[in-house]
Structures are given as C-alpha cells and as structure tokens.
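Enquirer: Got a structure here, written out as structure tokens. Questions coming.
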Amino acid sequence: MSSDARRSTALKAHAAPPLTGRIRVPGDKSISHRALMLGALAIGETTIEGLLEGGDVLATAAAMRAFGASVVQRSPGSWTVRGLGVGGFLEPEDIIDFGNAGTGVRLAMGLVGSQAIAATFTGDASLLRRPMGRILDPLRRMGVQVIARSKDRLPLTIKGPDVPLPIEYRLPVPSAQVKSAVLLAGLNTPGTTTIIEPVRSRDHTERMLAAFGAAIEIDQNDEGDRLIRIEGRRDLKPQSIVVPGDPSSAAFPIVAALLVPGSDITIEAVLLNPMRTGLIETLIEMGGDIAIENRRTVGGETVGDIRVRASRLKGVVVPAARAPAMIDEYPVLAIAAAFAEGQTVMEGLNELRVKESDRIAAVAAGLAANGISFEEGPESLAVTGGGDSIGGGTVSTALDHRIAMSFLVLGLAAGKPVTIDDAAPIATSFPEFRALMTGLGAHFEDVEENDA
Ligand code: S3P
C-alpha cells in the first residue's frame, strides 16, 4: 500500500437535536443538465439562474464547451451559454468524461447522435457499469454508428450519420433519460421523430423544448399512451431560465425533519412537478406533517415552500405505479420506513438496480449494517420500522450520492451514530448538503482514517 495515505472521506452522523430553520436546496439536477444542453443548441445567449454546481452538471458544462459552445459562470449559480445552433456541434478533440453523471452522458449521446461528428464518452467506475443499450438501440435505428464494449457499456464512441432517420419509438423502460435522448436526437433529424410513452416519466425535456421554441407536440393515442412528436431542424431561441430547488435533494432534509423529534423546517422554492413529488405524497400517506406553502409558477414549473414538522409515521404500501415519480427517493424512503410503525412495502423497483449503484442491494446492506429488518425481493423492498437501538453501523456508499445522504439521515435520527465510508459522492448532486444540514442543527464528524 502507498505510504502517502490520503485522508479518508468517511463521515459520521450523530443523533441530532431538533432541526429548525429555513433553507434553500440547490437547483434541480435534471433541469440544470437540460438548460445547459438546450442553451448550447440555441442561437444567442441563454442565461441560467440557480444552476446546480454539482459534479454531474459541471461535467455537462464541460461537455458543452468541448462541443464548441461558450459556457460561462458569471457568479455563483448564475451562468450564460452561447449556443451553436441545432446541428452546429463541433467534433470534440478529446474523450468526454462524464464522471458519475448518467443523465449527462445519456442525453449527450442523444445530442451527438444526429450530428455528423464522432465523440467518445467515458465516466467513473459507477458509470462504466451502467447500461447504455437503452440509449444506443434507438440511436442505431436513427443511423448512428456505435463502437462500444460488449454489452453496450462505456467507454464508447458515437458517430452520427449525415442524414439521421426519424423514428417512431415506443419506450421499453419508463425512463426520462431514454425519452430525452431520442427527443434531443430528433432536434437535428429531418422530419418527425415520435416517442410513444406508455408509462409517464418526468417531462422537463418536453417543457423546456417547448420553451426554447422547438416544434414539439404532445397528445395521447387510443390506448392512453402519451405521444410526443418533434419536428427536427428548427432553430431554438435562447431563454432566461430560473432553476427551482431540486426535490430529490430536498428529500434528505424533509425526511430528517420528520424523524428527528421536535423538528420544524421550511425548504424554500422547491420544484413541485407532479412527476417528482412521489416521495412527498408517500410521506403524507405515512402520516408526515408536510405542508406546501406559497405555491407558484416559475419558468413553466410549479414551485413551493415545503414546511416539515417531526411526525410519527406508519408503514404503507407504495404502489409500483408511483415509481417513476419517486425513482431517486426510495433510498431515503427506506430510512423513513425504518422509523415507521409497521412495514413499508416498496414495489416496482427494477430500475433501482441500474442507478449509480444497485440501490436495492446498497440500501439492503446499509439497513442490515444498522440492525433494521427488511425483506429484499428482485424488484421490491419491504422495511419493518420501529425496532429498538438501530444505527451504529458503517455503510458502503458504492459511489452513490443518494446512498451516502440517506444513511447520514439515518444517523441523525437513530440512537447510535451511523458512518458512511465515503462522503465524496455527495458533491455530484448536493455539494452544500453538509453545510445546510449543519445549519439546521445536524452534527457530522469527519472520521480520521488512513487508507494505507
Ligand atoms: C433523470 C431521470 C431518471 C432519474 C435520474 C435523472 C433525468 O432516470 O433517476 O436521476 O434527469 O432524466 P431514468 O430516466 O433512467 O429513470
């Protein structure tokens, strides 16, 4: 082992006093990626306020620069993008490294897919394990050439055709990333590209494309599937975008405040798009005291302040149909469930197996390490709450920011402290997590360990 051992990034969360105060969480990650990408295609200057400056979004900013767009931070959270026009990307000189960012790389592959340039993408150990075939299959049908490792994993090279073919594509998985990659490829494809979406997923791409002036139409077929049509080769008009707070980041202080007795917090200006509020719905069903105040519309999205007071929770069955609206929130819901009376059953979780980590396995391992009872199925997780003396374990975060933050929340509410082996992944989506939670009253401790 190396003698110049680095300091570990292990972090311990201790039982917290009542959490109180008002905070703002950073900008929504999904909207931040899309704002940079559409800004890079519009002719003229797009301004973005409240951009998430986490590792994932910064990787997208760097990628847009590598394609030739000007992407500049004016002041913290405030960015401008000068775009190149639809179809105007330049061939990047180097490999594009998306780090941990699945959304970034998948949407960028869609962007490149309809431009006659080649680009090579890679990422961190987590991203290299994640399936890319779900994006590459429709792109191949549009005429894209792909050179990839077997099983369609990164690193891989994409080369768009001179004239991409418009396709009609029925989504085989309820994934906003797949839908968005095809729609973005459709932007520079002559004719009409059609998505058939049998199960709804987050719709930020559709909303933002319409705002940028794309020729996009949405309706339904007789079977009730959502049909999204985009006519390509139209100019996009630059926009002024205000990014609302990320509900997937707000999830952590929300659950912490419900669980730590005596807490009363408000999180301001959080995105309340109905495809993102599944966790709030579930927590209210569990008996959580959560009130939405000051509901308003900002840039075509509903936003509100979320007031949360500590509550006694009871277990519920979370229907599989709710999964797309709370897909990233199951890890922290499992923590809430560990304190609820009775069992909380989560179904339809198959997509969790292919997130930044296998989230069913990572949550199960963390629950086991902290003495919490659960049953793991191939596509489900059932957590039994109310056990005594939980906590005290060390959790492997597996390069997954949401696993890291979820188990720190466990430590704030449990009788015994909880340690995560690596807090570094938190910076991909919520760099301010520790400071904001500490401001509410939480207590974290760096664990001094050398890895030598
Ligand atoms: C995202 C879509 C979701 C989500 C991810 C962000 C997006 O993934 O898990 O964190 O911004 O489109 P899938 O669309 O693959 O479910």
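Enquirer: Under the condition of being touching a residue at least 60 places away in the same chain (Cβ under 8 Å) and surrounded by fewer than 24 Cβ atoms within 10 Å (Cβ to Cβ), which residue from segment 89-111 is farthest from the ligand (Cβ to nearest atom)? Full working, then the answer.
Expert: Taking segment 89-111 as the starting set, the residues that turn out to be touching a residue at least 60 places away in the same chain (Cβ under 8 Å) are 95, 99-104, 106-111.
Still in the list and also surrounded by fewer than 24 Cβ atoms within 10 Å (Cβ to Cβ): 95, 99, 102-103.
On the way: 95: 23, 99: 14, 102: 7, 103: 4 Å.
Only one residue fits best here, namely 95.
Enquirer: Let me ask something else about it. Does segment 382-399 hold any residues that are surrounded by fewer than 24 Cβ atoms within 10 Å (Cβ to Cβ) and at negative phi, and which are they? Before the answer, list the steps.
Expert: If we filter segment 382-399 for residues that are surrounded by fewer than 24 Cβ atoms within 10 Å (Cβ to Cβ), which is where we start, we get 382, 384-394, 396, 398-399.
Within segment 382-399, 382, 384, 385, 387, 388, 390, 393, 394, 396 qualify.
Enquirer: Which of the residues belonging to segment 55-92 are closer than 22 Å to residue 162 by Cβ and acidic (Asp, Glu)?
Expert: Listed by number, the list holds a single entry, 91.
One line per residue, one yes/no per condition, for (1) within 16 Å of the ligand (Cβ to nearest atom); (2) at pLDDT 95 or above; (3) crowded, with 24+ Cβ neighbours inside 10 Å:
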residue: 15; (1), (2), (3): no, yes, no
residue: 23; (1), (2), (3): no, yes, no
residue: 35; (1), (2), (3): yes, yes, yes
residue: 46; (1), (2), (3): no, yes, yes
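Enquirer: Across segment 202-227, what is the number of residues that are under 18 Å from residue 114 (Cα atoms) and touching a residue at least 40 places away in the same chain (Cβ under 8 Å)?
Expert: Here the count works out to 2.
Enquirer: Can you tell me which condition residue 200 does not meet? The list is (1) away from the ligand (no atom under 16 Å from the Cβ); (2) on the phi < 0 side of the Ramachandran plot; (3) surrounded by fewer than 23 Cβ atoms within 10 Å (Cβ to Cβ), and all the others hold.
Expert: (1)
Enquirer: Further, regarding this structure: Can you list residue pairs whose Cβ atoms sit under 6 Å apart, with the first residue in segment 242-256 being β-branched (Val, Ile, Thr) and the second being outside any helix (DSSP H, G or I) and away from the ligand (no atom under 15 Å from the Cβ)? Count only pairs 6 or more apart in sequence or on different chains.
Expert: Sorted first by the residue in segment 242-256, then by its partner, the pairs are 242/49; 242/50; 242/298; 242/299; 243/50; 254/308.
Enquirer: Say whether the condition of being within 16 Å of the ligand (Cβ to nearest atom), within 25 Å of residue 257 (Cβ to Cβ) and either in a loop (DSSP other than H, G, I, E, B) or among the acidic types (Asp, Glu) (or both) is met by at least one residue in segment 65-84. Full working, then the answer.
Expert: Residues of segment 65-84 within 16 Å of the ligand (Cβ to nearest atom): none.
Within segment 65-84, none of the residues are within 16 Å of the ligand (Cβ to nearest atom), within 25 Å of residue 257 (Cβ to Cβ) and either in a loop (DSSP other than H, G, I, E, B) or among the acidic types (Asp, Glu) (or both).
Enquirer: Right, another one. Restricting attention to segment 170-184, report how many residues are within 11 Å of the ligand (Cβ to nearest atom), free of Cβ contacts under 8 Å to residues at least 60 places away in the same chain and either closer than 15 Å to residue 144 by Cβ or in a loop (DSSP other than H, G, I, E, B) (or both).
Expert: 1
Enquirer: May I pose another question? Looking at 337, 365, 320 in this structure, which one is small (Gly, Ala, Ser), more than 16 Å from the ligand (Cβ to nearest atom) and surrounded by fewer than 20 Cβ atoms within 10 Å (Cβ to Cβ)?
Expert: After applying the criteria, what remains is 365.
Enquirer: Right, next: Let me confirm something: among 90, 41, which residue is of a type outside the set (D, E, K, R) and within 24 Å of the chain's Cα centre (by Cα)? Break it down stepwise before answering.
Expert: Details: 90 fails: within 24 Å of the chain's Cα centre (by Cα).
The match here is 41.
Enquirer: I've got another one for you. Report, by residue number, each residue of segment 100-150 that is closer than 16 Å to residue 89 by Cβ and assigned to a helix (DSSP H, G or I).
Expert: Hits for segment 100-150 are 104, 105, 107, 108, 109, 110, 111, 112, 113, 139.
Enquirer: Taking the conditions exactly as written (of a type in the set (Gly, Ala, Ser), touching a strand residue (DSSP E or B) at 6+ places or on another chain (Cβ under 8 Å) and farther than 17 Å from residue 185 by Cα), does residue 83 satisfy them or not?
Expert: Answer is no for this residue.
The values are calculated or read from the model by the stated rules, or taken from the named source; none is laboratory data. Just so we're clear, the structure is a prediction, and the values are computed from it rather than from any experiment. Neighbour counts are summed over all protein chains in view; Cβ atoms, including those assigned to glycine, are modelled from backbone coordinates with ideal geometry.
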